[in-house]
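Every number in this text was worked out from the coordinates using simple rules, so none of it is lab data. Because the structure is a prediction, the values reported are computed rather than measured.
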Amino acid sequence: MATAAPARTVLERFPAGGPRGSWPAEEFAAAQRAQGTEAHVVMDLGSDQFLVVAPTPQ
């Protein structure tokens, strides 16, 4: 039996082709976590973007 993926909200999107040594998605996620939001970075291969996501409140 497959389980459904948890609902997530995309907080921000960042292009994957940023300058070397630049991690804007990670920096944004860290700032969100510092404010108390459970934020994580995931890669969306279809759009070639890094997404900062957080669990959707239910």
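For the chain, the longest principal axis of the Cα atoms and the long axis of helix 24-34 meet at an angle of about 50 degrees. Residue by residue, the stretch 12-19 carries 3J(HN,Hα) couplings of 6, 10, 9, x, 6, x, x, x Hz when phi is fed to the Karplus relation 6.51 cos²θ - 1.76 cosθ + 1.60 (θ = phi - 60°); x denotes Gly or Pro.
Taking every DSSP helix (H) stretch of at least 4 residues in the chain, weighting each as -39,500 (n - 2.57) and dividing the sum by the residue count yields a mean residue ellipticity at 222 nm of -5500 deg cm²/dmol. Here the gap between residue 45 and residue 7, fully extended at 0.36 nm per residue and compared with their Cα-Cα distance, gives a gain of 11.8 nm. Phi angles across the stretch 36-52 convert, under the Karplus curve 6.51 cos²θ - 1.76 cosθ + 1.60 with θ = phi - 60°, into 3J(HN,Hα) values of x, 8, 7, 9, 9, 9, 10, 9, 9, 5, x, 9, 6, 9, 8, 10, 9 Hz, Gly and Pro given as x. Taking every DSSP bridge with both residues inside the stretch 11-58, close to 100 percent are antiparallel. Amide H contacts of residue 39: 33, each under 5 Å away and 5 or more positions distant or on a separate chain (H built 1.01 Å from N in the peptide plane; Pro and chain starts excluded).
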